[in-house]
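Inspection log for the structure reproduced underneath, given as structure tokens.
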Amino acid sequence: MRSTLRALFVGGAAITVLCSLGPRGAAAQTPRLEEWKRQVVKGVQARSRLTQQIVDQIFSFGELGFQEFETSKYLVKLLRDNGFTVEEGIAGIPTAWVATWGSGKPVISLGTDIDDIPKASQVPGVACKLPLVEGAPGHGEGHNSGQAVNITAALAVKELMEREHLSGTIQIWPGVAEELLGAKAYYVRAGVFKNVDIVLYSHVGTNLGTEWGVTAGTGLISALFTFEGKSAHAAGAPWRGRSAADAANLMEVGWNFRREHIRPQARSHSVIVDGGDQPNVVPSKASIWFYFRERDYPRIQHLFAVGDSVARGAAMMTGTKLASERILGSAWPGHFNRTVAETMYANIKRVGLPEWSDADQTLARAVQKEIGTRQTGLATKLSTLRPALREDQRLAGYADDIGDVSWNVPTAVLSFPSNIPGLPGHNWSNAISMATPLAHKGATAGAKVQALTLLDFMVRPELLQEAWDYFRNVQTRDVKYTPFIRPDDRPAIELNRDIMARFRPAMRKFYFDSQRYDTYLEQLGVKYPTLRAADGTCSIRGGS
Ligand SMILES: [Zn+2]
């Protein structure tokens, strides 16, 4: 059913493009496409100030997953001001939206994440740990840069499409709560991608790159196990109580014993989010949150089932009840499209890495030194196109819910160099570069590649055909997508609400004011780069 529809859509795109190119059709497009590509690259370069502003603005909002209210308000306005139609509150998620511009086929969709990391607040451009607001969240993953890449690219291509009267639709959306794997499976369920031909996703990295086939990472189910016991005076009548906290603890202990007897490729981790209130009250309620990671759908489901049995055992041992098992997030292991990745990589080679200044390299080496990793500086050689990995080569543990999208539409991920190589990830040090010239240049390079690839898929119907051929006949020949989220599951939109409410008043004072300042570094009074002082102190004044 799906494939027949796709074939029609792709056919439709072909007709539209041929018409727009005039009677000589596709054969005439090569010299013209070359000229269009030059114009689009120029269009991105001409918007480098906008790119920088978006990077700096979102950095300054520093919002956690599902609480990206300022970020989304800003982006929705920016897109509407630029002629996009924006639908908000997608899939029952208040901070999710889908923006569209243009008409007809093909529909090319640009996505990238917007949420950040707990306790990663950091003054940008300063090469040592210096929180902007102590204990607050911050962009220690660099998700403040992707929308700058996608929106800049879209505006450059839109300008060309308007001038040349090209048909086609550009869609833009945010990865809400990616750190919680919280939204994209719900976007799929809500039909966000049902008319989409290609998804071009972007994610911050340390080089310009992309890959196809199965990724090095995992997929996962994130689930909250809640136990219910009975409260009692913990000293006066402990025998009358049943401790839910005991059950949460025993689930963790049980899981850690069981861990030895699961495949080494699996990853799992947990935090106790509710361990009771105070010691003299036997805890009547407790919750423990697990991520179960494995390499494919059946193994992830199996791991979750083992988790369920351990939870039931813990409840039985403690005379408590396993009250609920809530899925808070999920992700399919990604599989990226060969044609999309190869097209993207040709554009990566065309654009090349940014020219780093001495200041960029000095910052990078100083941060690498601070973290105790090799002082290689920034990448000066392009990464190669990574083809499909064999099972035994898949060593990384991370996951991204773009995986769910990749099993529904041909998708590839553009990695762009706005961060520093060798850092731990999900850490304050990963935030240091993210509102500096280093990040701005990386985002402009990324936007050029994204714009060129967007244009390729807008005007080359044969590429759409080839991408769908890979999707249907290679990728999904033996594996079919079934979401991890169950019909009754709902997005966990209440997550991070309290944390954000606690820190937002202090963070608000540091929101980027692009009317008054050119850059966020200027607003903060940070000299670029600022290094740790000779006496070992870390401050905004740095060493002199
Ligand atoms: Zn990420």
For ALA323, what residues show an amide H to amide H distance below 5 Å, using hydrogens built from the backbone and excluding near sequence neighbours?
THR226, PHE227, GLU228
Taking amide H positions as placed 1.01 Å from N in the peptide plane, with prolines and chain starts having none, which residues 5 or more places from ARG532, or on another chain, fall under 5 Å of its amide H?
ALA127
For region 130-210, place one equal point scatterer on every Cα, skip the solvent, and apply the Debye formula. What is log10 of I(q)/I(0) at q = 0.11 Å⁻¹?
-0.44
Which percent of the accessible heavy-atom area of the chain goes to carbon and sulfur, probe 1.4 angstrom?
53
Can you tell me the dipole magnitude for region 148-286 around its Cα centre, using point charges on the Cβ only (Lys, Arg +1; Asp, Glu -1), in Debye to the nearest 20?
540
Label-point separation, GLU462 to TYR517 (7 Å along Cα→Cβ), nm
5.1
Which parts of region 228-245 would a label at MET317 reach, counting a residue when its backbone N lies under 15 Å from a point 7 Å out along Cα-to-Cβ?
243-245
Kirkwood Rh, region 189-263, all Cα pairs: how many Å?
18.4
In square nanometres, what is one fourth of the surface area of the convex hull spanned by the alpha carbons of region 438-519?
11.0
Would you kindly calculate the translational diffusion coefficient of region 20-150, applying Stokes-Einstein with the Kirkwood radius from alpha carbon pairs, for 37 °C and a viscosity of 0.692 mPa s, and quote it in µm² s⁻¹ without decimals?
191
For ALA501 and GLU325, extending 7 Å from Cα along the Cα-Cβ vector and measuring point to point gives, in nm, a value of 3.1
Mind checking region 317-416 for GluC sites (Glu not before Pro) that DSSP puts in a loop (not H, G, I, E or B) and that have at most 13 other Cβ atoms within 10 Å?
GLU355
Can you give me the Cα centroid spacing of region 498-515 and region 183-211 in angstrom?
28
Taking a temperature of 37 °C and a viscosity of 0.692 mPa s, what whole-number D in µm²/s does Stokes-Einstein yield for region 77-125 with Rh from Kirkwood over alpha carbon pairs?
241
Regarding region 297-352, what are the three Cα extents along the principal axes, ordered largest first, in Å?
65, 19, 14
When the helices in the chain are scored as -39500 (n - 2.57) per DSSP H run of 4 or longer and the sum is shared across all residues, what 222 nm value do you end up with, to the nearest 500 deg cm²/dmol?
-12500 deg cm²/dmol
Can you list the DSSP H helices in the chain whose Cα atoms extend at least 30 Å along the helix axis and whose mean Kyte-Doolittle hydropathy is 0.5 or higher?
437-459
Estimated FRET transfer efficiency (THR537, ASN473; beta-carbon r; R0 45 Å; 0.05)
0.15
Residue-span extension gain [LYS349 to THR384] - 0.36 nm each, minus C-alpha spacing:
11.6 nm
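Stick to Cα atoms and the Kirkwood definition of Rh, then tell me Rg/Rh for the chain.
Checking Rg against Rh, the ratio lands at 1.00.
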Roughly how many debye, to the nearest 20, is the charge dipole of region 208-363 about its Cα centre, given +1 on each Lys and Arg Cβ, -1 on each Asp and Glu Cβ, and no other charges?
620
About the Cα centre of the chain, what is the dipole size in debye to 20, counting +1 per Lys and Arg Cβ and -1 per Asp and Glu Cβ, all else neutral?
400
Starting from the alpha-carbon convex hull of region 264-377, give the projected area averaged over all orientations, in nm².
13.5
Amide hydrogen neighbours beyond the local backbone of GLY329, cut-off 5 Å, H modeled
SER222
Cα pair distances exceeding 22 angstrom across region 383-508, given as percent:
61
Quick one: if the Förster radius is 22 Å, what FRET efficiency do HIS261 and ARG490 give, using the C-beta to C-beta distance and rounding to 0.05?
0.05
Taking only C-alpha pairs under 8 Å that are 6+ residues apart, what is the relative contact order of the chain in percent?
24
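For the pairs LYS448/LYS527; LYS184/LYS448; LYS129/LYS527, flag any whose C-alpha to C-alpha distance is greater than 22 Å.
Pairs exceeding the cut-off: LYS448/LYS527; LYS184/LYS448.
The values are calculated or read from the model by the stated rules, or taken from the named source; none is laboratory data. Every value quoted in this text rests on a predicted model; they were computed, and no experiment measured them. Glycine also receives a Cβ, built like all others from the backbone with ideal geometry; neighbour counts cover every protein chain displayed. When the accessible area is computed, the model is the full protein with side chains, heavy atoms only, and any ligands, DNA or RNA have been set aside. Shrake-Rupley method; radii C 1.70, N 1.55, O 1.52, S 1.80 Å.
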